[in-house]
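Scroll down for the structure; my scribbles are underneath it.
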Amino acid sequence: MILVDADACPVKEEVYRVVRRTGTPVTVVANSWFRVPPEFRQVVVGDGFDAADDWIAANARPGTIVVTGDILLADRCVKAGATVLGHNGKPFTSANIGSAVAARALAEDARAMSWASDGPRGAGRAGPPPFAAADRSRFLQALDAAVQRLKRGGPRR
């Protein structure tokens, strides 16, 4: 099964493409309703803080693939034994999630310090790099490989 943290997911169409080809069940989880192809399950959790994350984390387990860009959700799902892919196709694993969480905390601290010194305008602050075609391609390859690995009952990566 694939669980998609869908509210800010730029690769939903890629997930649908892999799922249609492989027949893997998918659940698209979001805080509000949006158009999902009728053959896929959608769960709308409401607008509570972290409600979608909580639902996904509660349903993540070995044999589940979670698609998310949220590092803290990825951490919870890795700890639950799920295979976790970022939107760019890079996996979150027990070997790399700790450094991803730490990097997130450092970036959050840097933003807070920058906000305090610059004010709310944010001029000159860089965000993440733009999402590129190579990211989509890498995601498609990673998701397909993860689905095939789980279908074979192979080890997670």
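Where the second residue is modelled with pLDDT of 90 or more and aromatic (Phe, Trp, Tyr) and the first is assigned to a helix (DSSP H, G or I) and lies in the stretch 44-58, which pairs have Cβ atoms under 8 Å and are six or more apart or on separate chains?
Filtered contacts from the stretch 44-58: no entries.
Would a scan of the stretch 45-61 turn up a residue that is under 14 Å from the mean Cα position of the chain (by Cα), aromatic (Phe, Trp, Tyr) and surrounded by fewer than 22 Cβ atoms within 10 Å (Cβ to Cβ)?
So far as the stretch 45-61 goes, yes, one or more of its residues are under 14 Å from the mean Cα position of the chain (by Cα), aromatic (Phe, Trp, Tyr) and surrounded by fewer than 22 Cβ atoms within 10 Å (Cβ to Cβ).
Taking the stretch 72-98, which residues are within 12 Å of the chain's Cα centre (by Cα), assigned to a helix (DSSP H, G or I) and closer than 17 Å to Arg61 by Cβ?
Once the filter is applied, which keeps residues that are within 12 Å of the chain's Cα centre (by Cα), assigned to a helix (DSSP H, G or I) and closer than 17 Å to Arg61 by Cβ, the stretch 72-98 yields Leu73, Ala74, Asp75, Arg76, Cys77, Val78.
Which condition number in (1) more than 10 Å from the chain's Cα centre (by Cα); (2) buried (at least 23 other Cβ atoms within 10 Å of the Cβ) is the one that Val66 fails?
Here Val66 meets the rest and fails (1).
Looking at the structure I just gave you, is Phe34 in contact with a strand residue (DSSP E or B) (Cβ under 9 Å, 6 or more places away or on another chain), at pLDDT below 90 and loosely packed, with under 13 Cβ neighbours inside 10 Å?
Here the answer is yes, as Phe34 does meet what is asked.
Mind checking which pairs have a first residue in the stretch 62-91 that is touching a residue at least 12 places away in the same chain (Cβ under 8 Å) and more than 14 Å from Ala145 (Cβ to Cβ) and a second that is surrounded by fewer than 22 Cβ atoms within 10 Å (Cβ to Cβ) and of a type in the set (Phe, Trp, Tyr), Cβ under 8 Å, 6 or more apart or different chains?
Note: pairs meeting the criteria are His87/Phe131; Asn88/Phe131.
Kindly indicate whether Glu14 is of a type outside the set (Ser, Thr, Tyr) and in contact with a Lys or Arg (Cβ under 7 Å, 6 or more places away or on another chain).
yes
If you scan the stretch 43-91, which residues turn out to be farther than 14 Å from Met1 by Cα and either acidic (Asp, Glu) or in contact with a Cys (Cβ under 8 Å, 6 or more places away or on another chain) (or both)?
Once the filter is applied, which keeps residues that are farther than 14 Å from Met1 by Cα and either acidic (Asp, Glu) or in contact with a Cys (Cβ under 8 Å, 6 or more places away or on another chain) (or both), the stretch 43-91 yields Asp47, Asp50, Asp53, Asp54, Thr68, Gly69, Asp70, Asp75, His87.
Check the stretch 3-15 and report whether any residue there is surrounded by 23 or more Cβ atoms within 10 Å (Cβ to Cβ), out of contact with any Leu (no Cβ under 8 Å at 6 or more places or on another chain) and farther than 20 Å from Phe131 by Cβ.
yes
The values are calculated or read from the model by the stated rules, or taken from the named source; none is laboratory data. Because the structure is a prediction, the values reported are computed rather than measured. Positions of Cβ are backbone-derived with ideal geometry, glycine not excepted, and every protein chain shown enters the neighbour counts.
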